């Protein structure tokens with residue numbers, strides 16, 4: 001497992017278009033989220049220990065963001081051939097078992113991850129109501145132990161956007177496992 005950190009955010013970049021199948025049996029596109037106060041796009045997966053460590057917090061975050069009018073979507077782009085735990089069928093099982101509070105989408109071609117410049121799981125992209133990037137950092141200040149969280153940095157950034165306040169420039173990078181690119185796909 002190679003530890004990867006997200007790069008410095010390209011503030012103000014526009015959210016790439018996407019249209020992907022979800023574990024709920026529906027297709028979801030960027031159009032579905034354009035009327036929110038903000039949008040969080042998360043690149044996550046089933047097998048990554050970094051995602052597993054924060055999974056319950058992501059589910060809570062989904063509820064908390066919906067309560068303040070922020071859209072949220074999870075996307076898995078990992079190569080399911082080499083990482084079968086990340087297959088679409090296993091994504092369906094996991095999201096049902098854990099009762100995900102957000103759509104969980106499958107990027108089989110990996111084109112969406114490439115368009116976003118996603119590098120790891122988890123990788124968070126928070127956009128304002130004009131779908132311009134405002135935050136690309138970590139979830140909170142304690143990835144490993146929920147009991148030690150002092151600052152919910154991602155939630156606070158979303159709340160600032162809803163309240164039309166500036167998002168903190170302090171955006172420590174997220175860290176996790178690298179996206180598992182297909183052998184024939186482009187690698188970041």
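Nothing in this text is a laboratory measurement; each read-out follows from the coordinates by a stated rule. Just so it is clear, the structure is predicted and the values come from calculations on it, not from any experiment. Every residue, glycine among them, receives a Cβ derived from its backbone with ideal geometry; neighbour counts consider all protein chains shown.
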I need the full set of residues from the range 116-140 which are in contact (Cβ under 8 Å) with a residue 24 or more places away in the chain, farther than 18 Å from residue 4 by Cβ and not in a strand (DSSP E or B), in order please. 129, 131, 140
Which pairs have Cβ atoms under 9 Å, sit 6 or more apart or on different chains, and link a residue in the range 57-84 that is on the phi > 0 side of the Ramachandran plot and in contact (Cβ under 8 Å) with a residue 12 or more places away in the chain to one that is assigned to a helix (DSSP H, G or I) and surrounded by 15 or more Cβ atoms within 10 Å (Cβ to Cβ)? 69/162
Any chance the range 96-108 includes a residue that's part of a helix (DSSP H, G or I), over 14 Å from the mean Cα position of the chain (by Cα) and buried (at least 22 other Cβ atoms within 10 Å of the Cβ)? no
When you go through (1) touching a strand residue (DSSP E or B) at 6+ places or on another chain (Cβ under 9 Å); (2) surrounded by 20 or more Cβ atoms within 10 Å (Cβ to Cβ); (3) farther than 28 Å from residue 25 by Cβ one by one for residue 140, which number turns out not to apply? (1)
Check the range 20-27 and report whether any residue there is closer than 18 Å to residue 172 by Cα, in contact (Cβ under 8 Å) with a residue 60 or more places away in the chain and in contact with a strand residue (DSSP E or B) (Cβ under 6 Å, 6 or more places away or on another chain). no
Sole miss for residue 112 among (1) touching a strand residue (DSSP E or B) at 6+ places or on another chain (Cβ under 9 Å); (2) in a loop (DSSP other than H, G, I, E, B); (3) under 22 Å from residue 21 (Cβ atoms) is condition (2)
Check residue 79 against each of (1) in contact with a strand residue (DSSP E or B) (Cβ under 9 Å, 6 or more places away or on another chain); (2) crowded, with 16+ Cβ neighbours inside 10 Å; (3) part of a loop (DSSP other than H, G, I, E, B) and name the one condition it does not meet. (1)
Expected single match for over 25 Å from residue 31 (Cα atoms) and in contact with a strand residue (DSSP E or B) (Cβ under 9 Å, 6 or more places away or on another chain) among 86, 123 is 86
